[in-house]
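The structure under discussion appears below in the form of structure tokens.
No lab work stands behind these numbers, since they all come straight from the coordinates. Here the structure is a predicted model, which means the values were calculated and not measured. Cβ placement follows ideal geometry from the backbone for every residue including glycine, while neighbour counts extend to all protein chains displayed.
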Amino acid sequence: MPFFEVIKVETQQQAASVVVDKLAKDLHEGTLNVIGLATGSTMIPVYKKIVESPLDFSLVTAFNLDEYVGLTPTNKNSYAYFMHEHLFSKKKFKETNIQNGVAEDLEVECARYENKLNEHPLDIQFLGVGENGHIAFNEPGTPFDSVTHVANLTDSTLGVNSQFFDDDEKIPNTAFTMGIASIMNAKKIILLAFGEKKRLAIEALLGDKITEQLPITVLKKHPHVTVITDILID
Ligand code: GLP
């Protein structure tokens with residue numbers, strides 16, 4: 001029987017507590033050895049709560065979902081920088097992994113990352129969602145059997161994400177991303193979504209259709225999903 005739960009919360013702080021409780025349980029039971037992490041404003045309260053918690057991740061290996069092509073880890077818009085800032089500089093992990101935004105050969109980098117993921121199966125994968133239903137940087141139309149690849153970002157994603165870049169700095173229009181299949185390989189998925197802008201995506205996830213046009217809907221095929229949201233769906 002697949003496990004699919006929707007946890008309705010009032011605030012992002014409440015959501016963060018729910019996540020930390022789940023992590024505590026799995027760490028205690030010894031079933032959390034590899035974790036897939038996400039970036040985006042949705043994740044910030046979760047990482048804050050993890051940092052404040054006594055939870056020990058020193059035996060846990062982390063993999064991030066995605067990274068902009070062309071950004072170094074010292075660029076404040078890179079996801080490597082985001083992770084260092086919000087989590088890795090404050091909580092010790094056994095090992096952290098993220099695609100190398102400035103890798104010379106993009107295809108070799110994708111293969112390297114996917115191989116490493118295959119060697120370390122994900123126990124839990126965190127996900128946020130884009131307004132157009134993208135997960136990681138798997139934009140609408142991405143094949144469900146995709147593995148780590150370089151994605152062309154859509155205008156919708158570029159529009160939403162460019163707000164974090166300075167006026168004189170151009171947002172990269174391509175990014176490394178775990179594929180849909182790489183994400184679906186995780187044993188458990190925890191997806192967080194807050195605010196009305198994410199309603200379309202959450203309604204699609206809770207609706208009947210499974211379509212590559214709305215990547216989030218693939219999660220209906222996953223055996224163990226927790227959705228944590230403040231969006232009221234009737
Ligand atoms: C980016 C990331 C996604 C993330 C999304 C939502 O596009 N690649 O992994 O889910 O942003 O971001 P936010 O949490 O800021 O709404």
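For the range 197-212, putting each phi into the Karplus relation 6.51 cos²θ - 1.76 cosθ + 1.60 with θ = phi - 60° gives couplings of 4, 9, 4, 4, 5, 5, 4, 5, 5, 8, x, 8, 7, 10, 9, 5 Hz, in residue order, rounded to whole numbers and with x for Gly and Pro. Close amide-amide hydrogen proximity is noted between Phe4 and Val225, each under 5 Å apart and 5 or more residues distant or on a separate chain (H modeled in the peptide plane; Pro and chain starts excluded).
Listed by chain and number, the lysines whose alpha-carbon sits under 18 Å from that of Lys188, ignoring those within fewer than 8 places in the same chain, are Lys22, Lys25, Lys220, Lys221.
Taking the Cα centre of the chain as the origin and placing charges on Cβ (Lys, Arg +1; Asp, Glu -1), which of Ile180, Pro54, Ser156 is farthest toward the positive end of the dipole? With unit charges placed on the Cβ atoms, the residue in question is Pro54. Listed values for the range 158-169 are Karplus-derived 3J(HN,Hα) couplings in whole Hz (6.51 cos²θ - 1.76 cosθ + 1.60, θ = phi - 60°), namely 4, x, 5, 7, 6, 4, 7, 8, 5, 4, 8, 10, and x replaces Gly and Pro. Per-residue ellipticity at 222 nm computed for the chain from its helices equals -8000 deg cm²/dmol, with DSSP H segments shorter than 4 residues left out and the rest contributing -39,500 (n - 2.57). The alpha-carbon atoms of the chain, seen along their principal axes, cover 42, 39, 34 angstrom, with the largest extent given first.
Segment Asp56..Glu131, full-extension length gain: 23.7 nm, with 0.36 nm per residue of separation and the alpha-carbon distance subtracted. Couplings 3J(HN,Hα) of the range 225-234, computed from phi: 10, 10, 10, 10, 8, 9, 7, 7, 10, 9 Hz, in residue order, whole Hz [Karplus 6.51 cos²θ - 1.76 cosθ + 1.60, θ = phi - 60°; x for Gly and Pro].
Cross-link pairs exceeding 18 Å between alpha carbons, from the set Lys76/Lys170; Lys49/Lys76; Lys49/Lys91: Lys49/Lys76.
Inter-label distance, Gln14 to Glu104: 5.3 nm, where each label sits 7 Å from its Cα along the C-beta direction. Our note on the geometry: Cα centres of the range 170-199 and the range 64-107, 15 Å apart.
Each Lys or Arg adds one and each Asp or Glu takes one away; over the other residues whose Cβ falls under 15 Å from the Cβ of Glu139, this sums to -4. Excluding same-chain neighbours fewer than eight residues apart, the lysines reachable from Lys116 by a Cα-Cα span under 18 Å are Lys94, Lys187. Highest mean packing comes first when the peptides 23-30, 99-106 are listed by Cβ atoms within 10 Å, giving 99-106, 23-30.
Enumerate the amide H contacts of Thr96 below 5 Å, restricted to partners 5 or more residues apart or on another chain; note that Pro and chain-start residues carry no placed amide H. When sequence neighbours closer than 5 places are left aside, the close amide H contacts are Ala62.
Counting DSSP beta bridges in the chain, what percent are antiparallel, to the nearest 5? Among the beta bridges of the chain, antiparallel pairing accounts for roughly 25 percent.
Rounded to the nearest 20, the Cβ-based charge dipole of the chain about its Cα centre (Lys and Arg +1, Asp and Glu -1) stands at 720 debye.
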